[in-house]
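Notes follow the structure.
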Amino acid sequence: MAARTKKRKTGPAVTGSVVLAFVAICGYLALEPRDQEPPGATDVRNVGEPNSTRGTGGGPADKGGTTWSRLAGPARSVLRDGDGRIVAVFTDGARTATLTGPARTFEEPASTPSKVSTTDWVRLMPEPWKAGAEKERWFGKWYAEYRGSKEDDLFAYAFQYVAGAPRRKDAQGVAYAGDANFGPLNTTGAEGGDLRLEQSDFYDYLGMTYPFRDGTVGQPETMRARSLDCSGFIRMVLGYRARYPLMASDDAGDGLPRTANGMARSKRGVDVLPLTGVGADSRPAAIDQLQPGDLVFFKLDTRTGQRLDHVGMVLGHDTEGHLIFVSSREEVNGPTIGDVGGSSRLDGDGYYARTLRSAKRL
């Protein structure tokens, strides 16, 4: 599969705007009609900040000590406090871990009434988990650093790109966060009439070249600046921000592939909901195995053949008990948990619930 990259010796990332062809597909929109609502600016002040009225949370309480246990489906280690409450979950073969911490509320009032209040914090471990890893030195050091920490996690990163999110710059002046578009307007109609173009990766948003570990260099396109398609958004959150290794395409390198289809079919991580097919009869019968931070994959458009064409991340249950995910979408022009073009619920019989095909825990 071709990509908007080229081979050269790697070096420090520098600003660039070379336009090359890139055919990696994240996900065309489905042809079936969906309810549309006019998007608005989202007030994201204090979104995801620990709730001062919900307690400090954070880590196991020391009442009789902590205990470890093993569970199956998928195989995982569970840490409980002295009262038997789960304070951390570590899945064999995955680097993402779910820790209990201060309560936060995520909301997007301009696009949905849903609010997700959660004590789950999803973080990336330096190594994939395996049974007995709690006894290893790397884990003791890592857990001591993040137990009860309020440092930004995957969810905090994700909400730094929704509508209205303030721009943030690093020490070099690169704007690494802030309200993201899905992609530039499609002025040619060359992609089947879609409103916005796909193929905007994290380095397009940043407006800087990015050297991948295999020597390939990602070259940003000026017209895609501040844009993230669905897989580009996941690569920004997990890769550029959390430092999960990234592939230059679906075929080159070792890490998280470029497209939703590549991610779903990758051997990386753990298949929580295994992919059995892309047809309507391949919808998972149950989603009880899902937990916050899992990647969920969808089949939205018959035009993409056997390819899965959309990816998002499980956020958690909203105040009405529905399981909500966040993803970058064309209809609202960027990352959202909103209902424009289909509600973000994974349960029930809504648009995305019907088109869900698999899930992975990285």
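In segment 78-104, the residues that are within 14 Å of T118 (Cβ to Cβ) reach residues that are of a type in the set (F, W, Y) with C-beta atoms within less than 6 angstrom, at least six apart or across chains, in these pairs: L99/W121; G101/W121. Would you check if P166 is modelled with pLDDT of 95 or more and assigned to a loop (DSSP other than H, G, I, E, B)? Judged against the criteria, P166 is a match. Whenever a residue of segment 304-327 is closer than 15 Å to T105 by Cβ and hydroxyl-bearing (S, T, Y), its partners that are in a strand (DSSP E or B) and modelled with pLDDT of 95 or more, lying with C-beta atoms within less than 9 angstrom and at least six residues away or across chains, give the pairs T319/T105; T319/K115; T319/V116; T319/S117. Applying the set (1) surrounded by 14 or more Cβ atoms within 10 Å (Cβ to Cβ); (2) touching a residue at least 40 places away in the same chain (Cβ under 8 Å) to P166 leaves exactly one unmet item: (1). Of the residues making up segment 169-185, those that are in a loop (DSSP other than H, G, I, E, B) and in contact with a Gly (Cβ under 8 Å, 6 or more places away or on another chain) number 4. For the residues R213, R258, R241, R226, the requirement of being among the basic types (K, R) and either within 15 Å of D309 (Cβ to Cβ) or in contact with a Cys (Cβ under 9 Å, 6 or more places away or on another chain) (or both) singles out R258. If you filter segment 231-250 down to residues that are within 14 Å of the chain's Cα centre (by Cα) and under 12 Å from G262 (Cβ atoms), you find that the one that is surrounded by the most Cβ atoms within 10 Å (Cβ to Cβ) is S231. All conditions but one from (1) surrounded by 19 or more Cβ atoms within 10 Å (Cβ to Cβ); (2) at positive phi apply to G173; the one that does not is (1). For segment 328-352, what are the residues that are farther than 18 Å from D301 by Cα and of a type in the set (K, R)? Once the filter is applied, which keeps residues that are farther than 18 Å from D301 by Cα and of a type in the set (K, R), segment 328-352 yields only R345. The condition of being free of Cβ contacts under 8 Å to residues at least 60 places away in the same chain, touching a strand residue (DSSP E or B) at 6+ places or on another chain (Cβ under 7 Å) and within 14 Å of S358 (Cβ to Cβ) holds for only one of K299, K267, that being K299. Could you tell me whether segment 204-221 includes any residue that is touching a residue at least 24 places away in the same chain (Cβ under 8 Å), within 29 Å of T118 (Cβ to Cβ) and not charged (D, E, K, R)? Looking through segment 204-221, at least one residue is touching a residue at least 24 places away in the same chain (Cβ under 8 Å), within 29 Å of T118 (Cβ to Cβ) and not charged (D, E, K, R). Scanning segment 328-360 for residues that are farther than 26 Å from R196 by Cα and without any contact (Cβ under 8 Å) to a residue 24 or more places away in the chain yields a single hit, D349.
Taking segment 333-354, which residues are buried (at least 24 other Cβ atoms within 10 Å of the Cβ) and either in contact with a Gly (Cβ under 6 Å, 6 or more places away or on another chain) or outside any loop (DSSP other than H, G, I, E, B) (or both)? Of everything in segment 333-354, those that are buried (at least 24 other Cβ atoms within 10 Å of the Cβ) and either in contact with a Gly (Cβ under 6 Å, 6 or more places away or on another chain) or outside any loop (DSSP other than H, G, I, E, B) (or both) turn out to be G334, P335, T336.
Going by the structure shown, is P126 modelled with pLDDT under 95 and not in a helix (DSSP H, G or I)? Considered against the rule, which asks whether it is modelled with pLDDT under 95 and not in a helix (DSSP H, G or I), P126 comes out as no. Of all positions in segment 153-160, none carries a residue that is at pLDDT below 95 and either surrounded by fewer than 19 Cβ atoms within 10 Å (Cβ to Cβ) or assigned to a loop (DSSP other than H, G, I, E, B) (or both).
The values are calculated or read from the model by the stated rules, or taken from the named source; none is laboratory data. None of the values given here were measured: they were computed from a predicted structure. Note that we place each Cβ from the backbone using ideal geometry, even for glycine, and neighbour counts take in every protein chain shown.
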